[in-house]
């Protein structure tokens with residue numbers, strides 16, 4: 001998985017309203033969405049047949065740090081309040097299709113896969129707290145370096161639910177040692193979008209042997225004096241899909257998120 | 001519904017460990033649990049056949065203030081980490097049984113109703129933040145008056161999910177006008193157990209015409225200068241069961257809660 005852009009980028013993606021951003025993706029633009037529509041929550045996506053929906057929802061309930069559910073579209077529904085006027089089949093820049101747990105396609109829309117029994121789960125994304133980190137004076141390496149956030153399969157197992165089981169996937173951001181406490185404090189105010197870090201400082205303990213080779217996204221350079229800080233990641237349900245091997249499941253391509261109409265501030269706690 | 005006690009009360013229920021409290025209930029003690037096992041989270045209960053479980057879980061996801069899920073026992077499971085060594089069929093002091101949406105029994109254990117397809121939802125309870133309110137210097141009227149918290153069906157409709165729909169049930173605590181802001185601030189730190197109030201000060205706007213006649217629990221006297229403050233209540237799923245009319249559903253009797261092994265502080269956010 002590498003960062004992909006196909007199509008003409010708008011001049012100021014950070015200033016686009018969510019519905020305008022979704023329209024560009026609907027019309028075929030493919031690009032990672034970091035920095036787009038500032039102030040609005042971006043989201044991970046996991047779409048499964050109704051027969052698997054209870055397992056997915058229960059998996060999310062039991063693993064709220066990687067799988068904070070922001071909204072659920074009923075079976076066959078293609079729009080909802082988080083994407084008013086939108087269409088879940090077209091409004092994400094890039095989708096990943098899994099058949100029997102194997103990634104079989106990356107597509108710009110999923111019209112050809114759509115079925116009336118598909119249930120859509122919209123899952124919180126750490127992009128929401130990245131703006132808060134930046135506002136707190138903490139630089140985000142992958143944004144500064146113009147790449148997708150690095151993500152890793154950890155050796156921590158999620159709590160299983162029915163047929164759903166898999167590893168905790170984590171995202172990593174290098175933070176100056178003097179700002180690690182601030183990063184914890186700031187992100188802990190966003191429990192609906194992964195919240196506080198799950199681990200600070202020792203990738204080996206998470207089973208990560210080489211930070212330069214992420215399982216999803218792009219590697220980032222770690223400046224001297226920076227500590228690798230790990231947050232639970234919304235790609236986790238897709239890792240569980242790969243283990244659980246349902247006949248069909250669809251996710252977003254990592255880093256290519258659904259831009260919702262919800263404001264980031266809506267998910268902040270005191 | 002009034003407060004019920006049958007059996008000999010222990011000398012210091014506030015000091016009992018949760019497992020010791022559950023044992024007393026298992027052995028037949030019936031009593032409201034307010035003030036029991038201080039520091040440990042008490043919980044609402046809703047038990048439904050597996051065929052209804054997705055609707056209940058989705059209803060909870062869509063209505064997180066009244067229905068914050070703390071844990072789910074798989075179909076047929078009778079124990080879990082929130083009640084280590086316990087038995088969900090016996091460890092709550094009093095249960096309410098609904099058949100076709102009608103309350104048909106109040107029983108001290110549900111062994112005779114148990115089926116292998118029953119899924120148990122353990123739902124956060126405002127008792128968790130009551131201790132925090134008291135620590136903040138805010139008196140809790142129903143505790144001081146030795147009765148169950150008053151609960152009301154409001155005219156606010158929950159967001160439906162599948163077959164589950166119903167009114168938001170609210171609990172009411174009178175708070176001195178000078179402490180209302182403190183009550184909001186303190187309870188907003190506990191989003192997993194109903195969080196901040198849903199309404200402050202005007203019961204008529206919630207469709208409540210007589211605070212002296214609650215739908216569940218007991219009335220409390222409202223001292224002069226106190227404002228009625230309303231929080232979302234974990235009896236809400238039971239109100240939805242009454243509307244949705246499944247063949248069988250089981251809840252706790254209001255005020256007679258499951259005492260869990262989780263600490264109240266576990267549910268506090270910064």
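The table below lists the values:
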| quantity | calculated |
| --- | --- |
| Meets criteria (away from chain A (no Cβ under 14 Å) and either within 23 Å of residue B:85 (Cβ to Cβ) or touching a residue at least 60 places away in the same chain (Cβ under 8 Å) (or both)) for residue B:256 | yes |
| Any hit, region B:150-169, residues being farther than 26 Å from residue B:31 by Cβ and without any contact (Cβ under 8 Å) to a residue 24 or more places away in the chain | yes |
| Those residues of region A:28-50 which are surrounded by fewer than 22 Cβ atoms within 10 Å (Cβ to Cβ), within 14 Å of another protein chain (Cβ to nearest Cβ) and outside any helix (DSSP H, G or I), in sequence order | A:49 |
| Those residues of region B:77-108 which are more than 22 Å from residue B:255 (Cα to Cα) and away from chain A (no Cβ under 13 Å), in sequence order | B:85, B:100 |
| Unmet requirement for residue A:25, which otherwise passes all of (1) over 20 Å from the mean Cα position of the chain (by Cα); (2) more than 10 Å from chain B (Cβ to nearest Cβ); (3) at pLDDT 95 or above | (1) |
| Qualifying residue in region A:140-153 (condition: within 30 Å of residue A:58 (Cα to Cα), out of contact with any strand residue (DSSP E or B) (no Cβ under 8 Å at 6 or more places or on another chain), surrounded by fewer than 20 Cβ atoms within 10 Å (Cβ to Cβ) and in the same structural domain as residue A:197 (by TED's automatic domain parsing)) | no |
| Residue in region A:207-229 that is closer than 15 Å to residue A:133 by Cα and within 14 Å of another protein chain (Cβ to nearest Cβ) present | no |
| Checklist (1) free of Cβ contacts under 8 Å to residues at least 12 places away in the same chain; (2) more than 22 Å from residue A:269 (Cβ to Cβ); (3) within 14 Å of chain A (Cβ to nearest Cβ) applied to residue B:185, failing item | (2) |
| Filter result (in a loop (DSSP other than H, G, I, E, B) and more than 17 Å from the chain's Cα centre (by Cα)) within region A:147-181 | A:159, A:160, A:162, A:163, A:165 |
| Selection from region B:66-75 of residues that are within 13 Å of chain A (Cβ to nearest Cβ) and assigned to a loop (DSSP other than H, G, I, E, B) | B:67, B:68, B:74, B:75 |
| Selected residue (only one of B:96, B:79, B:104, B:120 is free of Cβ contacts under 8 Å to residues at least 12 places away in the same chain, over 20 Å from residue B:190 (Cβ atoms) and assigned to a strand (DSSP E or B)) | B:104 |
| Residue check for residue A:3: touching a strand residue (DSSP E or B) at 6+ places or on another chain (Cβ under 8 Å) and at pLDDT below 95 | no |
| Which numbered condition residue A:194 fails, given (1) at pLDDT 95 or above; (2) within 14 Å of another protein chain (Cβ to nearest Cβ) | (1) |
| Condition check for residue A:53: under 24 Å from residue A:114 (Cα atoms), surrounded by 15 or more Cβ atoms within 10 Å (Cβ to Cβ) and within 14 Å of another protein chain (Cβ to nearest Cβ) | yes |
| Matching option when the condition is within 14 Å of another protein chain (Cβ to nearest Cβ) and either farther than 30 Å from residue B:120 by Cβ or touching a strand residue (DSSP E or B) at 6+ places or on another chain (Cβ under 9 Å) (or both), among A:204, A:177, A:161 | A:161 |
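The values are calculated or read from the model by the stated rules, or taken from the named source; none is laboratory data. The structure displayed is predicted, hence computed values, not measured ones. With ideal geometry, Cβ positions are generated from the backbone for all residues, glycine too; neighbour counts draw on all protein chains shown.
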